[in-house]
Amino acid sequence: MFSWAIFVLQVQLMDITEVLLATQSHDGQIRNVAEGNIKQFEEQSLPQFLQALSAELSNDNKPPVSRRLAGILLKNSLDANDLVRKEKCTQRWISVDPAIKSQVKGSLLMTLGSPVSDAHRSSSQVIAKIASIEIPLQGWPELIVSLLGNMTKPDASPSLKQATLDAIGYVCEEISPKDLEQDQVNAVLTAVVQGMNHVENSSGVRLAAVKALYNALDFAETNFQNESERNYIMKVVCETAISKEADIRKAAFECLVSIASTYYDLLEPYMQTLFELTANAARADEEQVALQAIEFWSTICDEEVAIQEDAEESGDVSPECHFHFIEKALPLLVPMLLETLLKQEEDQDEDDGIWNISMAGGTCLGLVATTVKDAIVPLVMPFIEGNITKPDWHSREAATFAFGSILEGPSVEKLAPLVHAGFDFLLNATKDQNNHVRETTAWALSRAFEFLHSPTSGVSVVTNANLPHVIEIMLTSIKDSPNVAEKICGALYFLAHGYENAGSMSSVLSLYFGQLVSALLATADRSDSNNSRLCASAYETLNEIVRCSSIADTLNMIVLLLQEILKRLNQTFEFQITSSEDKEKQSDLQALLCGVVQVILQKFSNCDDKSVIIQFADQIMVLFLRVFSCDCSNVHEEAMLAIGALAYATGPEFVKYMPEFHKYLEMGLQNFGAYQVCCVSVGVVADICRALDDKVLPYCDAIMSALLKDLSSPELHRSVKPPILSCIGDIALTIGEHFEKYVPYTVPMLQGAAELCSRMDLPDDDSTEYKNELRRSIFEAYSGILQGVKNSKSELMVPYASHIFQFAELVLRETSRDEGLTKAGVALVGDLADALGPSIKLLLKNSNFHSELLGRCSQSDDEQLRETASWVQGVISRVLVS
């Protein structure tokens, strides 16, 4: 207590400016001391820390650097990407004395008027972070009034207006539309739209206003439903889209993209104007503006495809909300997009992350094809035919890009004749003198193989007759420049994928298996590429070729491949690591090699003869254990997946690896930071249970302890929790009566999860999907436990029967449940009756829910659900007459 008091006194005497500047010192010792002081100040005296920083930020006499740092520290003390830390920041702010909070907020609002841009921009961001905490709790009611007051001050400077609009935009980005009253929304929109008006002299203010509108559009639903208000907003946005400043035009088109997504059903009166605006921008404006103009039409495509998919699912042949904007604009839209394809950049093949008008146009053309299907083909084919043989490489590349872009959407019947007619030309174009054309040709081939190569359906551009020529072209072109080789890997991937589940037809590829494997291994080893994607593409394609091969034809070659991959994995431990980049390359390669081993093990699992797996199992496990000793989550994830495949393939023999492996498994189960590793580890537990049966018992205490800790941890990503619940069911099913000691800990967890489901908000489809997944996993956990204890310990679950039955009834009466949830719920009702029998006779007798449910399920189109319902009906009938 005494030392803390001394520290606070030191803080009061401390010059915060000097400490902030010291954190940027070139002297490491000075920098470390300053950072330590800042951290200690925040941890031991947060209110004074916030006061000091807000005062620093608001003082125009302080250095810009210290003010900027003060803003960053303020923002970081109020928010975090990590959800647990974010909640901690929220609670800390809430607990600060109201008088101090008021002082901090006053300083921030005052800083909006600072002429120093870094200061007022930081203040805008911090205001939004505080608003994100307080406004949902009905706090800081005067904020919106204060911000709007800045906009109406007669003497308001442009910098104050700009900072205020920034703050409004950031606040709208942080909070939900339900957090503001409609009169507040109206006032905000009025201020923002006025700021966009061309009578506003400051371009900075107008840009800030457009960006604020972009963030406020979700709040404007009521306003958009009002025709006069909607007309005014659209008029101002469209006028802003032809401003003389390019960055303002770009921001206006971003607003139109958002409006297309959010208010698609209200756009019809404006589409003629919007087409003219977007077409002019795509043809003649600066690239940053043109890209957003094209994105508008891509967004319209996305909306219409989603409407079509929903209509197909519901059986609605002509949904009222589908306005067919793409179909109506097609005769003008397609020529405009085809023009953009000719605007390639000379060096676009040298930059992996490049995004230009040509690429945006081709992507949009592909979406248009998906939207209107066959109707696009006659509009694009003349462009292809007119440009594919021209001397200028831009024309040939654009024609090839157009061809590849329309292969998804139109029917096979429409495309097949065209693709068959042009297939040889496309294969020969892999030898074009221009690298851009060769790359796009390789991509177009991969699209042709993806959508028009299906031997089992009888429709395929690849036949037994032309396959040798296709393979010859692929093996030659994979030696081309790295960017072409990567696309060829993609083409080979889909070529192999076409033979998946093709039975004896896949044997036609067996003849080339060795050549393809050798070519892909050589491609993965290429030293002329700085593109790590080429190596990854080569190994991913290798995996697909193994996966789709005929095991009877290729077994010996796959054994040789496994030996080569294990040799390569062993060599990775000898790499000289002198930098973080070296470490990353090693980890990425180890992850890819582990992935190949996993695919090979899965392939071998389909063989009746397990001797090959047993022969290599020890060597594989030794290498995987070495991988686990490396500190890299993406490698651990791939190695875990491969070990799951090894456990499945070796069955009971896997028990000999558990004494050494179990500690890594437990580490994986407790890896909250890399939650994907944790999730895969949970899956491996299920694999091991199936492989070892009751031999897993010695390891169950540690595994169950880790799983229950995972369930109770707020730090673990929520997506891992449903698989954990299902895994607990697998463990119970595997160890049977031995699960008794875990019941008092497990069932309360399941009851808590069920209670959580009943209180869960469903703001979007992802939340609904998660809720269904969580409930399904609860059903699966209960089913596993009931089946496990059925034969000798069923009385353990009798006290919980009523709760389980009520939970199942509550869920299965809902209409929003998905098919998987229904199946799991019906199975649970059967398992409950089967395991507990006469003990729940009264429970079943007093309910008519199960008879209603099973009656509906018996009429289902799903054969598996009908069979399950029939079994459950039989079990319940036996219980009721017992």
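The values are calculated or read from the model by the stated rules, or taken from the named source; none is laboratory data. From a predicted model like this one, the values you see are computed outputs, not experimental measurements. All Cβ positions, even for glycine, are placed from backbone atoms using ideal geometry, and neighbour counts span all protein chains on display.
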Notebook entry, point to check: Of these, Asn201, Asn231, which one is out of contact with any helix residue (DSSP H, G or I) (no Cβ under 7 Å at 6 or more places or on another chain), farther than 23 Å from Phe296 by Cβ and of a type in the set (S, T, N, Q)?
Noted result: Asn201
Next item on the list: Within the stretch 445-470, track down each residue that is assigned to a helix (DSSP H, G or I), within 20 Å of Gly503 (Cα to Cα) and aliphatic (A, V, I, L, M).
Entry: Leu452, Leu467
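Quick check on this structure: which one of Leu277, Leu213 is more than 22 Å from Pro331 (Cβ to Cβ), modelled with pLDDT of 95 or more and either touching a strand residue (DSSP E or B) at 6+ places or on another chain (Cβ under 9 Å) or not basic (Lys, Arg) (or both)?
Working: Leu277 fails: more than 22 Å from Pro331 (Cβ to Cβ).
Of Leu277, Leu213, the one residue that is more than 22 Å from Pro331 (Cβ to Cβ), modelled with pLDDT of 95 or more and either touching a strand residue (DSSP E or B) at 6+ places or on another chain (Cβ under 9 Å) or not basic (Lys, Arg) (or both) is Leu213.
Taking only the stretch 425-466 into account, find how many residues are surrounded by fewer than 17 Cβ atoms within 10 Å (Cβ to Cβ) and more than 21 Å from Glu408 (Cα to Cα). Show your work before the answer.
So in the stretch 425-466, the residues surrounded by fewer than 17 Cβ atoms within 10 Å (Cβ to Cβ) come out as 425, 428, 431, 433-435, 456-459, 463-466.
Now drop any that are not more than 21 Å from Glu408 (Cα to Cα), which leaves 428, 431, 433-435, 464-466.
Residues meeting the conditions: 8.
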Note to self: Take Leu692 and tell me if it is touching a Pro at 6+ places or on another chain (Cβ under 8 Å), within 22 Å of Leu708 (Cβ to Cβ) and aliphatic (A, V, I, L, M).
What the structure shows: yes
Note to self: Cβ contacts < 7 Å: first residue crowded, with 19+ Cβ neighbours inside 10 Å, restricted to the stretch 177-206; second residue part of a loop (DSSP other than H, G, I, E, B), any location; separation 6+ or different chain. Result?
What the structure shows: Arg206/Glu200
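Among the residues of the stretch 848-857, write down those that are surrounded by 16 or more Cβ atoms within 10 Å (Cβ to Cβ) and either over 38 Å from the mean Cα position of the chain (by Cα) or not in a helix (DSSP H, G or I) (or both).
Phe849, His850
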Check: Is there a residue being surrounded by fewer than 23 Cβ atoms within 10 Å (Cβ to Cβ), outside the structural domain of Ser298 (by TED's automatic domain parsing) and of a type in the set (Val, Ile, Thr) anywhere in the stretch 207-216?
Finding: no
Notebook entry, point to check: Considering the stretch 682-709 alone, what residues qualify as being within 27 Å of Gly651 (Cβ to Cβ), touching a residue at least 24 places away in the same chain (Cβ under 8 Å) and among the charged types (D, E, K, R)?
Noted result: Asp687, Arg690, Asp693, Asp694, Lys695
Check: Restricting attention to the stretch 700-718, does a residue exist that is crowded, with 21+ Cβ neighbours inside 10 Å, in contact with a His (Cβ under 6 Å, 6 or more places away or on another chain) and in a helix (DSSP H, G or I)?
Finding: no
Item checked: Where Met151 falls short, out of the listed (1) closer than 22 Å to Ser102 by Cβ; (2) in a helix (DSSP H, G or I) -> (1)
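Search the stretch 194-244 for residues being among the charged types (D, E, K, R) and more than 25 Å from Pro158 (Cα to Cα), and hand back the single one that is nearest to the chain's Cα centre (by Cα).
So, considering only residues that are among the charged types (D, E, K, R) and more than 25 Å from Pro158 (Cα to Cα), the one nearest to the chain's Cα centre (by Cα) is Asp218.
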Next item on the list: Output the residues belonging to the stretch 858-871 that are assigned to a helix (DSSP H, G or I) and modelled with pLDDT under 90.
Entry: Ser858
Next item on the list: Among what's in the stretch 264-287 and is of a type in the set (S, T, N, Q) and surrounded by fewer than 22 Cβ atoms within 10 Å (Cβ to Cβ), pick the residue that is nearest to Glu339 (Cα to Cα).
Entry: Asn280
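A quick yes/no check of all residues on (1) crowded, with 18+ Cβ neighbours inside 10 Å; (2) touching a residue at least 60 places away in the same chain (Cβ under 8 Å); (3) among the basic types (Lys, Arg); (4) in contact with a Cys (Cβ under 8 Å, 6 or more places away or on another chain):
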residue	(1), (2), (3), (4)
Ser507	no, no, no, no
Ser510	no, no, no, no
Gly514	no, no, no, no
Leu520	yes, no, no, yes
Ala536	yes, no, no, no
Thr541	yes, no, no, yes
Ala552	no, no, no, no
Next item on the list: Keeping to the stretch 19-45, report how many residues are within 14 Å of Ala70 (Cα to Cα), under 37 Å from the mean Cα position of the chain (by Cα) and either among the small types (Gly, Ala, Ser) or surrounded by 16 or more Cβ atoms within 10 Å (Cβ to Cβ) (or both).
Entry: 3
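Residue-by-condition table, conditions (1) in a helix (DSSP H, G or I); (2) of a type in the set (A, V, I, L, M); (3) modelled with pLDDT under 95; (4) surrounded by 18 or more Cβ atoms within 10 Å (Cβ to Cβ):
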residue: Arg67; (1), (2), (3), (4): yes, no, yes, yes
residue: Asn76; (1), (2), (3), (4): yes, no, yes, no
residue: Asn81; (1), (2), (3), (4): no, no, yes, no
residue: Arg85; (1), (2), (3), (4): yes, no, yes, no
residue: Thr90; (1), (2), (3), (4): yes, no, yes, yes
Item checked: Subset of the stretch 608-626 that is touching a residue at least 40 places away in the same chain (Cβ under 8 Å) and over 35 Å from the mean Cα position of the chain (by Cα) - its residue that is nearest to Gln571 (Cα to Cα) -> Gln619
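Among the helices (runs of 4 or more DSSP H) confined wholly to the stretch 174-253, which include 2 or more residues that are basic (Lys, Arg)?
Numbers: elements: 182-196, 203-216, 221-225, 227-240.
Result: 203-216, 227-240.
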Check: Which of the residues belonging to the stretch 671-690 are closer than 18 Å to Leu716 by Cβ and in contact with a Ser or Thr (Cβ under 9 Å, 6 or more places away or on another chain)?
Finding: Asn671, Phe672, Gly673, Ala674, Tyr675, Gln676, Val677, Cys679, Val682, Ala686
Next item on the list: Report, ordered by the first and then the second residue, all pairs with beta carbons closer than 6 Å, sequence separation of six or more or different chains, a first member in the stretch 230-259 that is within 13 Å of Gln292 (Cβ to Cβ), and a second member that is surrounded by fewer than 19 Cβ atoms within 10 Å (Cβ to Cβ) and of a type outside the set (Asp, Glu).
Entry: Lys250/Gln288
Margin query: Within the stretch 229-263, take every residue that is under 27 Å from Asp183 (Cβ atoms) and of a type in the set (Phe, Trp, Tyr) and give me the one that is surrounded by the most Cβ atoms within 10 Å (Cβ to Cβ).
Written below: Tyr263
